[in-house]
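Undergrad: There's a structure below that I have some questions on.
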Amino acid sequence: METCNFTGGSVASFWLVGFPSLQDHQFPLFFIFLIFYLLILSSNVTIIVAVATNPKLHKPMYFFLTNLSILDILLTTITIPRMLAMFLIKAKSVSSKGCFLQMYFFHGLAVTETFLLVVMSYDRYEAVCHPLHYAARMTKQKNLQLAAGAWFSALLVPIQPVVQSSQLTFGKTPKVNHCFCDHLAVVQAACQNTYTTFQSFLGFTISMTVAFGPLLLVVISYTCIMVSVLQIKSKEGRRRTFSTCFSHLVVVITYYFSIALAFLSYRIKMPSDIHILSDMTFAILTPLVNPLIYTLRNRDIKRAVRQLASSKVFSMQKERLRLDQVRSKEIF
């Protein structure tokens, strides 16, 4: 361990180790994560454009889905581009301020996703359990308030842990055993003392609270939804009603599966590469899978994406025809 004569506010930079056992495979890692990032960007942008350009999708459910897509783009943009630079040109050094800013935004946006999933489950609860009052209760103003509340309140959560972790004592160039500045990885890079142990405990406690507290609200919402669905006499009616919630339910399961995997990896003694890979699964899996789930399971989104694709093809053909006509006029 290095001599600990510097605090987080004074240390110039942190050194991101990346995957310790894969130091000789940086180019394959670069291309793998580049493909993931491009898929996340293209699929989420497609959903945003499809919802924005299709008046039939101007509903609360798709408004919150657009928020989720924007969030997934931001969440991965906080981490992956920096990782790509690390893999491609071995840019492993990150400034102290840059590290703590990345830590704040990554954890803040992760909490935002948790809160948005609660808001989306509440929307499905209102749609299924109070269909006659749904339009009156889920107004545009209320939708904006719910979305803004989820974003604003979530971005307040990481402030205390990030500020306190920045006051820890570090060596001259502390090594962070991760691909980005995750809170627990940075705390583990600090000089070991009672306060460091407290910071690890604080970070874990807050993570558990903001992850599984909202999960309880989601479970309550879907319990009420299931009770309402089972009261529908028609089998087809039950199927159609529950299908409106299925995509969101799969997203919730995927999200909490990735969280559980990340938590489990820290509680069990495993190689550091497994710990890092578990965290990367949490950071990348949900943004990658969310658009796929909605485009495959939601008829309205599938229809809107097809219309968007066909309109682009038509516009390209129309533009090509116009250029051909212009060229023919120039020739004659």
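The values are calculated or read from the model by the stated rules, or taken from the named source; none is laboratory data. Quick caveat: nothing in here was measured; it's all calculated off a predicted structure. FYI the Cβ positions are ideal-geometry reconstructions off the backbone, even for glycines, and counts take in every protein chain you see. SASA here: full protein model, heavy atoms, side chains in, ligands and nucleic acids out. Shrake-Rupley method; radii C 1.70, N 1.55, O 1.52, S 1.80 Å.
Undergrad: Find out how many positive minus negative residues lie around residue 258, taking Lys and Arg as positive, Asp and Glu as negative, among other residues whose Cβ is under 13 Å from that of residue 258.
TA: With Lys, Arg at +1 and Asp, Glu at -1, the neighbours total -3.
Undergrad: Using the per-residue mean of other Cβ atoms lying within 10 Å as a proxy for protection, in what order, highest first, do the peptides 165-171, 56-62 fall?
TA: Put in order of decreasing packing, that is 165-171, 56-62.
Undergrad: Also: Using the Cβ atoms and a cut-off under 14 Å, what net charge is assigned to the surroundings of residue 105, where Lys and Arg are +1 and Asp and Glu are -1?
TA: Net local charge, residue 105 excluded: -1.
Undergrad: Here's a follow-up. Identify, among 19, 237, 176, the residue whose Cα sits farthest towards the positive end of the charge dipole of the chain, taking +1 on the Cβ of Lys and Arg and -1 on the Cβ of Asp and Glu, with the dipole about the Cα centre.
TA: Farthest towards the positive end: 237.
Undergrad: Shape call for the chain from the C-alpha gyration tensor, a ≥ b ≥ c root eigenvalues: rounded (a/c under 1.5), prolate (a/b greater than b/c) or oblate?
TA: oblate
Undergrad: Another question, if that's okay. Gain in length, residue 233 to residue 173, computed as 0.36 nm per residue apart minus the alpha-carbon separation, to one decimal in nm?
TA: 15.0 nm
Undergrad: Could you give the spread of the C-alpha atoms of the range 102-237 along their three principal axes, from largest to smallest, in whole angstroms?
TA: 67, 29, 24
Undergrad: So, for the chain, what is the accessible surface per residue at a probe of 1.4 Å, expressed in square angstrom?
TA: For the chain, the solvent-accessible area averages 53 Å² per residue.
Undergrad: Still on this structure, please answer the following. Using the alpha-carbon centroid of each, what span in Å lies between the range 192-271 and the range 65-85?
TA: 21 Å
Undergrad: Tell me which residues come under 5 Å, amide H to amide H, from residue 170 once H is placed; ignore anything under 5 positions away on its chain.
TA: HN-HN under 5 Å from residue 170: 6, 7, 8, 191.
Undergrad: Averaged over all directions, how much area does the convex hull of the C-alpha atoms of the range 51-110 cover when projected, in nm²?
TA: 5.4 nm²
Undergrad: Here's a follow-up. Which links in 175/269; 56/233; 59/142; 56/142; 142/302 stretch past 23 Å when you go from one Cα to the other?
TA: Over 23 Å Cα-Cα: 56/233; 142/302.
Undergrad: Still on this structure: Give me the accessible area of residue 22, 1.4 Å probe, in Å² rounded to the nearest 10.
TA: In the full protein context, residue 22 sits at about 60 Å².
Undergrad: Still on this model: Give me the distance in nm between label points sitting 7 Å out from Cα along the Cα-to-Cβ direction at residue 303 and residue 208, one decimal.
TA: Once both label points are built, they end up 4.6 nm from each other.
Undergrad: Still on this structure, please answer the following. Given H placed 1.01 Å from N in the peptide plane, which residues other than close sequence neighbours of residue 91 have an amide H under 5 Å from its amide H?
TA: When sequence neighbours closer than 5 places are left aside, the close amide H contacts are 86.
Undergrad: Relative to the longest principal axis of the chain, what angle (0 to 90°, nearest 10) does the C-alpha long axis of helix 96-129 take?
TA: Helix 96-129 and the main axis of the chain meet at about 40 degrees.
Undergrad: In the neighborhood of residue 181, defined by Cβ-to-Cβ distances under 15 Å, what is the net charge if each Lys or Arg adds +1 and each Asp or Glu adds -1?
TA: So the surrounding residues net to +2.
Undergrad: The range 144-235: which trypsin sites (Lys or Arg not before Pro) are DSSP loop and have at most 10 other beta-carbon atoms within 10 angstrom?
TA: Those satisfying the criteria are 233.
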